[in-house]
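First the structure, in the form of structure tokens, and then the observations on it.
The values are calculated or read from the model by the stated rules, or taken from the named source; none is laboratory data. Treat the numbers as computed from the prediction; the structure is a model and nothing was measured. We place every Cβ from the backbone using ideal geometry, glycine too, and count neighbours over all the protein chains shown. Side chains are part of the model used for accessible areas, which takes the heavy atoms of the whole protein and leaves out ligands, DNA and RNA. Shrake-Rupley method; radii C 1.70, N 1.55, O 1.52, S 1.80 Å.
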Amino acid sequence: MQNQSILVVDDEPAIASLIEIHLLSEGYQVQKAENGPDALDLLHGQIFDLVILDVMMPGMNGLEVCRQIREQWNTPILMLSAKSEDVDKILGLKTGADDYLTKPFNPLELVARVKAQLRRYTSLNPGHPATTEETLLVHGLEINRTRRRVTVDERQVVLTPTEYEILLLLASHPGRVFSSEEIFERVWKERFFQANNTVMVHVRKIREKIEDNPGHPTRIKTVWGVGYKLED
């Protein structure tokens, strides 16, 4: 499994151990932290390919840990929570998480989501360069696909792996309208079974990073009742 390393952050030892067992069986390297400060210390000391992060932890909760991670790293984050309300999922995604799984969860589903995030991260990470450099130039955006580097009017923008892949999809087809369903299935590589706000939340975060005025975007446009497009 290419020695990919995963950090599991959960204050419940039984759940952390269960996750560890399933990840080790897939060949991943695993480290565990019982709280937010310990997790951040580990992140400062070594490189992880993915973080599995519980939301409900005493002291520094998972949302705050997620915010601090996003200030420094673009490592994929899979959040776990006993809460199943859409508003909680949206809050986690807005904070910077790439995916969200509700407890209790099926360990096989957890492993499948881990693999999906790692595939995406590996394909986009500068540590795994492509054989040729390819740059897209659209509407003031410059996207270097080899280095996974995005600049807006010569200002570098730091995106999460999921945000980058959504932007790359839109930028690769300027002017074309993609529905939320199509974006979800292309980026997450999963079937879109019901209406949810996952894509909307990620588009909102992208706009905050690439638009001069996110409230009145000029690059990523909403086509009401249809989906989203990047202006040509």
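With the condition kept exactly as written, say whether any residue in the stretch 157-175 is under 15 Å from the mean Cα position of the chain (by Cα), among the β-branched types (Val, Ile, Thr) and assigned to a loop (DSSP other than H, G, I, E, B). There is at least one residue in the stretch 157-175 that is under 15 Å from the mean Cα position of the chain (by Cα), among the β-branched types (Val, Ile, Thr) and assigned to a loop (DSSP other than H, G, I, E, B).
Listed conditions (1) part of a helix (DSSP H, G or I); (2) among the aliphatic types (A, V, I, L, M); (3) closer than 25 Å to Arg119 by Cβ are all met by Ala14, apart from (3).
Pairs linking a residue in the stretch 204-232 that is free of Cβ contacts under 8 Å to residues at least 24 places away in the same chain and surrounded by 13 or more Cβ atoms within 10 Å (Cβ to Cβ) to a residue that is part of a strand (DSSP E or B) and among the hydrophobic types (A, V, I, L, M, F, W, C), with Cβ atoms under 9 Å and 6 or more positions apart or on different chains, are Arg207/Ile220; Glu211/Val152; Glu211/Ile220; Lys221/Leu230. Out of the residues in the stretch 184-199 meeting the condition of being out of contact with any Phe, Trp or Tyr (no Cβ under 9 Å at 6 or more places or on another chain) and closer than 24 Å to Leu136 by Cβ, tell me which one is most open to solvent (accessible area, probe 1.4 Å). The extreme case among them is Lys189.
Taking every residue in the stretch 12-32 that is in contact (Cβ under 8 Å) with a residue 24 or more places away in the chain and pairing it with any residue that is charged (D, E, K, R) and surrounded by 17 or more Cβ atoms within 10 Å (Cβ to Cβ), at least 6 positions away or on another chain, the pairs with Cβ-Cβ distances below 6 Å are Val30/Glu20.
Kindly indicate which of Pro13, Pro37 is touching a helix residue (DSSP H, G or I) at 6+ places or on another chain (Cβ under 9 Å) and not acidic (Asp, Glu). That would be Pro37, the only listed residue that is touching a helix residue (DSSP H, G or I) at 6+ places or on another chain (Cβ under 9 Å) and not acidic (Asp, Glu).
Please work out if Lys94 is open to solvent by 80 Å² or more (accessible area, probe 1.4 Å), under 18 Å from Thr198 (Cβ atoms), touching a helix residue (DSSP H, G or I) at 6+ places or on another chain (Cβ under 8 Å) and in a helix (DSSP H, G or I). In short, yes.
Could you look through the stretch 144-166, keep only residues that are among the aliphatic types (A, V, I, L, M) and touching a residue at least 60 places away in the same chain (Cβ under 8 Å), and pick out the one that is surrounded by the fewest Cβ atoms within 10 Å (Cβ to Cβ)? That would be Val158.
Here Leu42, Leu78, Leu108, Leu53 are screened, and the one residue that is at pLDDT 90 or above, loosely packed, with under 11 Cβ neighbours inside 10 Å and not in a loop (DSSP other than H, G, I, E, B) is Leu108.
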